[in-house]
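> This is the structure I have questions about; it appears just below.
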Amino acid sequence: MPAMFLRTYVQRLRMEAPLRRLPPPALATAAPLVAWAPELIEAHAEVKWLSFRDTVDAAIFPNLGRLDGCVQLMRSITAHPGFIADATWLAQGPDGFCGCIQGVRSARRVGMIQNLGVVPDCRGQGIGKALLAAALHGSRRAWLTGAQLEASARNEPAVRLYQSAGFVVRKTFYRETTAEYVEYAI
């Protein structure tokens, strides 16, 4: 009997929010936020890898499952002509950096949120919410009118976080993946 190839798909959501009404910036969190600086590229990559390596996102986007892939991804994001330094943050935990987010401007004057991730041991403490608020405020300071991101539909904590910040689903689509995971990045 010939071997059969089974394709697995993950439902993804493209979510958008206007930047006219934003959640208030986080004044005090369990993890203070650190603004973008070029010397932090490796720290962003490491946090991204620690946050996403065992998630469905790493199965869809293999670079997220490898530290060198995350370094490559960070170099690509920061080299993008629309890179928004004001929308790119790290969260500082007691044992090192524990969360990250990056922002890029699209041609439509929309901020594209890239890879909001919080390391597993630090989830549920409001760090993702603080990072998202900082990135959205940074996008607005860059004179953008809206923000957009993608999330796996099964990543319910992330979807709830984005909805609480005013994001709504604009499109549902499916991405092929090589594995099935139950852990998520936020």
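> Quick check: is even one residue across segment 97-111 crowded, with 21+ Cβ neighbours inside 10 Å, modelled with pLDDT under 95, within 15 Å of Ile84 (Cβ to Cβ) and in contact with a Ser or Thr (Cβ under 7 Å, 6 or more places away or on another chain)?
Looking through segment 97-111, at least one residue is crowded, with 21+ Cβ neighbours inside 10 Å, modelled with pLDDT under 95, within 15 Å of Ile84 (Cβ to Cβ) and in contact with a Ser or Thr (Cβ under 7 Å, 6 or more places away or on another chain).
> Right, Ala58: in contact with a Gly (Cβ under 9 Å, 6 or more places away or on another chain), over 28 Å from Pro18 (Cα atoms) and not in a strand (DSSP E or B) or not?
The answer is yes for Ala58.
> Name the single residue that is most open to solvent (accessible area, probe 1.4 Å) among those in segment 118-177 being among the aromatic types (Phe, Trp, Tyr) and either assigned to a helix (DSSP H, G or I) or closer than 22 Å to Ile84 by Cα (or both).
Ranking the candidates gives Trp143 first.
> Select from segment 26-50 the residues that are open to solvent by 70 Å² or more (accessible area, probe 1.4 Å) and either touching a Leu at 6+ places or on another chain (Cβ under 8 Å) or part of a loop (DSSP other than H, G, I, E, B) (or both) and write down the one among them that is modelled with the highest pLDDT.
Glu46
> Being under 12 Å from the mean Cα position of the chain (by Cα) and either open to solvent by 10 Å² or more (accessible area, probe 1.4 Å) or within 19 Å of Arg160 (Cβ to Cβ) (or both) is the filter here; which residues of segment 86-96 pass it?
Selection gives Trp89 alone.
> Another question about this same structure. Tell me yes or no: at least one residue of segment 62-85 is modelled with pLDDT of 95 or more, open to solvent by 50 Å² or more (accessible area, probe 1.4 Å) and part of a strand (DSSP E or B).
no
The values are calculated or read from the model by the stated rules, or taken from the named source; none is laboratory data. Values in this document were obtained by computation on a predicted structure and should not be read as measured data. Backbone-built Cβ (ideal geometry, glycine too); neighbour counts: all protein chains shown. Heads up: the accessible areas ignore ligands, DNA and RNA and are worked out on the full protein's heavy atoms, side chains in. Shrake-Rupley method; radii C 1.70, N 1.55, O 1.52, S 1.80 Å.
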